[in-house]
Amino acid sequence: MIVTYNNYQRANFLGSNNIFAGSVFEWFSSYKQYLNLKKVNVRLAEENAVLRTQLQQYLVKNNYGYSLLKDSLYLPSISVDSLKRANYFFSTARVINNSINQLHNFITLNKGRVNGVKTDMGVIADGKVVGLVFNVSEHYSTVISLLNNRLKLSAKIRSNNYFGSLSWDGKDYRKVTLNEIPYHVKVNRGDTIVTTGYTSSFPEGLVIGTVSNYSIQSGSNFYSVEVTLAADFDNLVMVGLVDNKQKIEINQLESLNKNAY
C-alpha cells in the first residue's frame with residue numbers, strides 16, 4: 001500500500017525492486033494500451049507526418065548535391081548522414097505507470113540502464129516537455145513529472161527571452177506557474193513558454209505551454225505567470241528521452257565554479 005499510493009516511495013522502490021514491480025506495471029499498461037491501440041497508431045502516424053513536414057523545412061542542397069540540415073533547432077549545420085554527431089540524441093520509451101493527482105507525481109517507463117537511460121535525462125511527449133529521469137534500474141526508469149512540486153525548471157517567454165523558474169502548485173494538473181519574470185516585461189495571454197537551454201537536460205526552445213493568465217505578486221516586482229501545459233499528462237503513452245552527449249563535460253566544468261572562491 002505504501003508503494004502503490006505514494007509516488008515518491010514507488011519511484012525509489014522501483015529503483016531496487018524493478019523486476020517484480022516493473023513487470024506488474026508493464027503488464028497492466030500493455031493491456032490498457034492494447035485496448036487503445038488504434039488511437040495510438042493514429043497519433044503516431046500523425047506525428048510522423050508532422051515530423052517529416054518539419055524536416056523538409058530544414059533540408060537544403062549544397063553545391064555537391066548533399067542534403068544538409070539548416071542551422072535550426074539549436075543544432076549546428078551538419079549533414080543528414082552525420083546527425084549522430086549532434087549534441088542531443090532522442091530515443092523513445094513506453095509509459096507503464098503514471099499519476100497526476102498527487103503532490104509528487106512520477107512516471108514509470110519500460111526502459112532502463114541497459115537501454116542507455118540515465119538520471120536527469122529530459123523527457124518529452126510529442127515534442128512537449130514532461131519531466132526529468134529520476135531513478136534508473138536495469139530495465140525500468142522513473143521520471144519526476146512537471147506535476148511534482150519538488151521539480152523546478154528554467155523556462156522563458158519565447159517572444160522576448162525573459163526567463164524564470166517554472167514549478168507546480170499541486171492543484172490543476174493542466175497548469176504550472178512561471179515566477180521571477182520582472183513586472184516591466186510585456187506578457188500576453190497566449191505567449192509560448194519554452195526551455196531556456198540553461199539546464200543541460202533539454203535543448204533550448206522545447207515547448208512547455210502557453211500563458212493563460214498573469215498577475216504581479218504581492219509586495220514583489222515580479223509576475224506570477226500561469227502556464228497551461230502543452231503535454232497531455234492524463235494521456236501519456238509514448239515519450240521521448242533526451243540525451244545530451246556533452247552533459248557530463250558541462251557538469252564537470254560547472255562544478256569547478258563552486259570551489260572557485
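At-a-glance table
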{"item": "Filter result for V187 (under 15 Å from G164 (Cβ atoms) and surrounded by 20 or more Cβ atoms within 10 Å (Cβ to Cβ))", "result": "no"}
{"item": "Selection within the stretch 151-170 - farther than 14 Å from I193 by Cα, of a type outside the set (A, V, I, L, M, F, W, C) and either surrounded by 18 or more Cβ atoms within 10 Å (Cβ to Cβ) or within 15 Å of the chain's Cα centre (by Cα) (or both)", "result": "K152"}
{"item": "Meets criteria (under 20 Å from D232 (Cβ atoms), surrounded by fewer than 23 Cβ atoms within 10 Å (Cβ to Cβ), under 15 Å from the mean Cα position of the chain (by Cα) and not assigned by TED's automatic domain parsing to the domain that holds W168) for G127", "result": "yes"}
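One line per residue, one yes/no per condition, for (1) over 27 Å from R174 (Cβ atoms); (2) at pLDDT 95 or above:
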residue: T92; (1), (2): no, no
residue: I96; (1), (2): no, no
residue: S99; (1), (2): no, no
residue: Q102; (1), (2): no, no
residue: N105; (1), (2): no, yes
residue: T108; (1), (2): no, yes
residue: V114; (1), (2): yes, yes
residue: D120; (1), (2): no, no
residue: G131; (1), (2): no, yes
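The values are calculated or read from the model by the stated rules, or taken from the named source; none is laboratory data. Because the structure is predicted, anything quoted here is derived from the model rather than measured. Positions of Cβ are backbone-derived with ideal geometry, glycine not excepted, and every protein chain shown enters the neighbour counts.
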